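The values are calculated or read from the model by the stated rules, or taken from the named source; none is laboratory data. This one's a predicted model, so the numbers in the text were calculated from it and none came from an experiment. All Cβ positions, even for glycine, are placed from backbone atoms using ideal geometry, and neighbour counts span all protein chains on display. When the accessible area is computed, the model is the full protein with side chains, heavy atoms only, and any ligands, DNA or RNA have been set aside. Shrake-Rupley method; radii C 1.70, N 1.55, O 1.52, S 1.80 Å.
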Amino acid sequence: MTDQQMTQTEARPMTGYDRRMLALMNRREGAPMYATAARRRLVVCAHIALTVASIATWLLSAVGDQRWATWTMLGLALPWCVATGAINASTRGLLELRERALDERQRAERVRVAARARQLMLWLLLAAAVAAGFAAHKGWDTEDLLFPALFTVFVVHWLMPLWVAGLAVQDEPADFDEAGE
């Protein structure tokens with residue numbers, strides 16, 4: 001971001017929507033769920049597992065005639081949303097808030113998270129390309145896997161910044177009063 005763009009972003013006042021979202025992302029009711037690095041890792045791993053299960057059941061319901069998969073996918077939606085909310089709250093809305101609602105440290109962290117997510121996606125895409133090349137070299141029929149593979153890559157690309165941010169967030173410092181007791 002150039003200095004001029006940064007100045008324009010800072011010059012825009014926060015709207016009512018920005019203030020509500022900032023307040024929502026800074027609520028502390030769910031803090032015990034993500035208070036430590038181990039808990040945040042557990043939430044991110046649970047989110048990844050729920051995402052994988054949701055993708056698999058959606059693909060089963062979209063590609064085949066599996067009504068049970070649709071109901072399973074709907075059952076996975078609530079825990080997936082809770083895990084998403086926990087990750088967003090642990091990062092204090094780093095990826096959800098508008099640029100003008102973030103301070104300089106958060107803006108820099110958002111850029112670092114995006115860069116790391118791009119690097120991870122690059123390696124993931126390279127692995128997928130190598131696997132596809134290997135399958136083609138062996139003469140395996142991969143036509144039926146094109147849609148599921150592309151859809152999975154799309155979802156992972158969409159969620160990778162959230163997962164990286166959830167894993168990268170630091171523990172909050174303990175309050176001075178709590179440390180003294």
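For the residues Gly75, Gly85, the requirement of being of a type in the set (Gly, Ala, Ser), under 21 Å from Arg110 (Cα atoms), open to solvent by less than 60 Å² (accessible area, probe 1.4 Å) and part of a helix (DSSP H, G or I) singles out Gly85.
When Met33 is tested against (1) within 19 Å of the chain's Cα centre (by Cα); (2) modelled with pLDDT of 85 or more; (3) part of a helix (DSSP H, G or I), only condition (2) is not met.
Only residues that are touching a helix residue (DSSP H, G or I) at 6+ places or on another chain (Cβ under 9 Å) and modelled with pLDDT of 90 or more were counted in region 145-181, giving 16. Only one of the numbered conditions (1) within 21 Å of Leu42 (Cα to Cα); (2) open to solvent by 80 Å² or more (accessible area, probe 1.4 Å) is not met by Gly93, and that is (2).
Checking region 163-172 against the condition returns a match, with at least one residue being surrounded by 15 or more Cβ atoms within 10 Å (Cβ to Cβ) and aromatic (Phe, Trp, Tyr). In this entry, Arg105 is excluded by the filter for residues that are under 14 Å from the mean Cα position of the chain (by Cα), free of Cβ contacts under 8 Å to residues at least 24 places away in the same chain, in a helix (DSSP H, G or I) and exposed (fewer than 15 other Cβ atoms within 10 Å of the Cβ).
Based on what the data block shows, is Val113 farther than 30 Å from Val63 by Cα, open to solvent by less than 100 Å² (accessible area, probe 1.4 Å) and in a helix (DSSP H, G or I)? When the stated conditions are applied, Val113 passes them.
Under 23 Å from Ala56 (Cα atoms), loosely packed, with under 11 Cβ neighbours inside 10 Å and at pLDDT 90 or above - does that describe any residue in region 131-144? Checked region 131-144: no residue is under 23 Å from Ala56 (Cα atoms), loosely packed, with under 11 Cβ neighbours inside 10 Å and at pLDDT 90 or above.
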